[in-house]
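Each reported figure results from applying straightforward, stated rules to the coordinates on display, with no laboratory input. Not measured: the values here are computed from a predicted model. With ideal geometry, Cβ positions are generated from the backbone for all residues, glycine too; neighbour counts draw on all protein chains shown.
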Amino acid sequence: MTIRVKLTVVFTLMVVAILLLFCGSIYYFSSKTRENSFYMRLKNRSTNTARHLVDTQGITGDLLKTLDKNISTVSSHSNVSIYNQSNLNLYTSNEAEAISNPSANLLNEIRAKGELRFRDGEKEALGIVYKGKVDQVVVIASAVDEIGLKNMFDLKLILVSGLIISIVITVFAGYLFSGQTLNPITNVIKQVGKINSKSLQLRINEGNGTDEIAQLAIEFNKMIEKLEAAFDMQRSFVSNASHEFRTPLTSIGGQIDIALMNELETPEYKAILCSIREDVNNMNQLSNGLFELAQTSFDASILKLGNTRIDELILQSRDDLNKKHKDYSIHIEYSSFPEDEKKLTVIGNDHLLKTAIINVMDNACKYSPDKSVSVKITSDEKKGNIAMEFIDKGIGIAAQDMARVFEPFFRAGNSHEFSGHGIGLSLVEKIIDLHKGFIKLNSELGKGTTVWITLPAGTT
C-alpha cells in the first residue's frame with residue numbers, strides 16, 4: 001500500500017469518525033427532544049382530563065370522551081384512563097387503545113414515584129398522580145407519536161444519506177490532498193534518482209527551507225556534499241597513492257635493467273642493491289602509512305582502548321625516533337605537573353597515539369635545520385584536558401598551503417627536497433579525532449611551525 005493510499009484511508013477514517021459522532025449526537029438529542037416533548041403533551045392531556053373529571057361538576061364520562069375527541073392533539077391511537085384509590089377504572093377515553101387491566105403493582109409504583117414513563121408495545125405511556133380538590137386519582141395516558149417518529153425517520157434518512165455523500169467526497173478530497181502533500185516528496189525522489197557517482201554535483205531543491213520536506217532536502221544535500229568530498233578524496237587518494245608507488249617501482253625496475261644489461265663490478269652491484277633497498281624501504285613506509293591511515297577510518301568503538309600516560313608515551317616516542325635518527329634532538333618539558341598523575345592519563349589506543357606523536361616529532365625535526373623540536377606538556381585540570389605543544393624552527397609552511405596540510409598526500413611547495421609522502425599530518429588528525437581531541441597548527445614561512453594537540457583526560 002502506497003503512502004498516498006494510507007493517508008487517504010487514515011484521513012477518510014478520521015472524517016467518518018467525526019461525522020458519525022456528529023450525526024449520532026444530532027439523532028440522539030433530537031430523539032430525546034421528541035420524547036420529552038411527546039411526554040409533556042401526554043402529561044398535559046392527562047392533567048386536563050383528570051381535572052375535568054374530578055374537579056368539574058356536571059362533566060360525565062360520555063361528555064368528556066366527546067371533548068377528548070375534539071381537543072386531542074396527541075395521536076389518533078391515544079387513550080387516557082383514570083383509576084381511583086381502589087384501583088377501579090373511573091374513565092377510559094378509548095377502550096380500543098386502552099392498556100388492558102393495568103396491574104396493582106404498576107398503579108402503586110405510579111403512586112410512589114408520582115410520575116412514571118413506560119412503554120406498552122409500540123405506544124409510549126405516562127402514568128401520573130393527580131390530586132384533585134376532593135379526591136386523588138392515577139391517570140395513565142398512552143399514544144403513538146406518529147408525527148414525531150415520522151420526523152425521526154426522515155432525520156435518520158437525511159443523516160445517513162449525508163454521511164454516505166460525505167464519505168464519497170472525503171475519499172476524493174483525501175486522495176487529492178494526499179497527492180498534493182506528497183508531491184514535494186515525489187519531486188525529491190525524482191531528483192534523487194538523477195544523482196549517481198558521476199553526478200554528485202547535483203543538489204535537491206530545498207523549497208522554502210522551513211518545512212520538514214525542505215529540512216530533509218537540506219540534510220540530504222549535506223550528505224551529498226560529504227559524499228562528493230569523499231569521492232574526490234578517494235580519487236585523489238588513489239591517484240596519489242598510485243603515483244607514490246609508481247616512482248620507487250620505476251626506479252627499482254630501471255636499476256635492475258641496468259644491472260642486467262651491463263657487466264658491473266661488485267661495488268657497483270652493491271650500490272644498486274643499496275639504492276633498491278632504499279626504494280623498498282620507502283615503499284614499506286608508504287604501505288605502513290596507508291595501512292595506519294586506513295585503521296583510523298574504523299569506528300572508535302571497535303578499537304582497543306586503555307589508560308595511557310601521555311608523558312610516558314612521549315618519552316617512548318622520543319626513544320624510538322632517536323634509535324632511527326640519532327641526529328634528532330627532542331626536548332621535553334612540563335608547563336605544570338599535576339599533583340594527581342591521573343590528570344596526565346587519557347583513554348586511548350597506545351599504538352595509534354604513539355604513531356601520531358612520532359609523526360609530529362619526525363616532521364618537526366626533519367624540516368628543521370638543527371633537527372630539533374621542543375615538546376611542552378600541560379595539564380589543564382579545570383577543563384579536564386591534556387595539551388601537547390610541539391615547537392620547531394624549521395622551514396615553515398606558506399599561508400596558501402595551510403588549508404591543505406591535513407589532506408592525504410599533500411606536500412607543501414617548499415618540502416619536496418625532503419623525503420616523505422604527505423601522509424603524516426592527515427594520519428595524525430584522524431587519530432586525534434578518534435580520541436575526541438583536536439589538533440591546531442600555526443606556521444610562518446622560514447620561521448617554524450607550532451602544533452597543538454589537546455586530548456580529554458580520564459581513566460577507565
request  = Extending each Cα 7 Å along its Cβ direction at Thr56 and Lys447, get the distance between those two points in nm, one decimal.
outcome  = 12.3
query = Using the Cα gyration tensor of region 3-152, with a ≥ b ≥ c the square roots of its eigenvalues, what is the shape: rounded (a/c below 1.5), prolate (a/b larger than b/c) or oblate (neither)?
reply = prolate
note = Note on region 350-460: alpha-carbon gyration tensor, axes a ≥ b ≥ c; rule is a/c under 1.5 for rounded, else prolate if a/b larger than b/c, else oblate; result prolate
message = Can you sort Phe418, Phe11 from fewest to most other Cβ atoms within 10 Å of each residue's own Cβ?
response = Phe418, Phe11
task = Could you list, in their original order, any pairs among Lys342/Lys376; Lys393/Lys430; Lys326/Lys382 whose Cα atoms are separated by more than 29 Å?
result = Lys326/Lys382
key: Which of Cys365, Cys274 has the fewest Cβ neighbours within 10 Å, and the rest in rising order   = Cys274, Cys365
request  = Taking only the C-alpha atoms, wrap a convex hull around region 71-151 and report its volume per residue in Å³ as a whole number.
outcome  = 105
task = Would you grab the residues whose amide H sits under 5 Å from the one on Tyr328? Only those 5+ places off in sequence or on another chain, please, with H modelled 1.01 Å from N.
result = none
key: FRET efficiency estimate (nearest 0.05) - Cβ-Cβ, Asn183 to Asp340, R0 60 angstrom   = 0.45
ask   = Which of the aspartates and glutamates could be linked to Lys440 by a straight reach, that is with a Cα gap under 15 Å, when you skip same-chain ones fewer than 8 residues away?
value = Glu389, Asp392, Asp401, Glu407, Glu429
remark   = Rounded to the nearest Å, the spacing of the alpha-carbon centers of region 366-403 and region 113-137 is 106
query = Once amide H atoms are built 1.01 Å from N in the peptide plane, which residues 5 or more positions from Gly458, or in another chain, come under 5 Å H to H?
reply = Thr345, Val346, Ile347
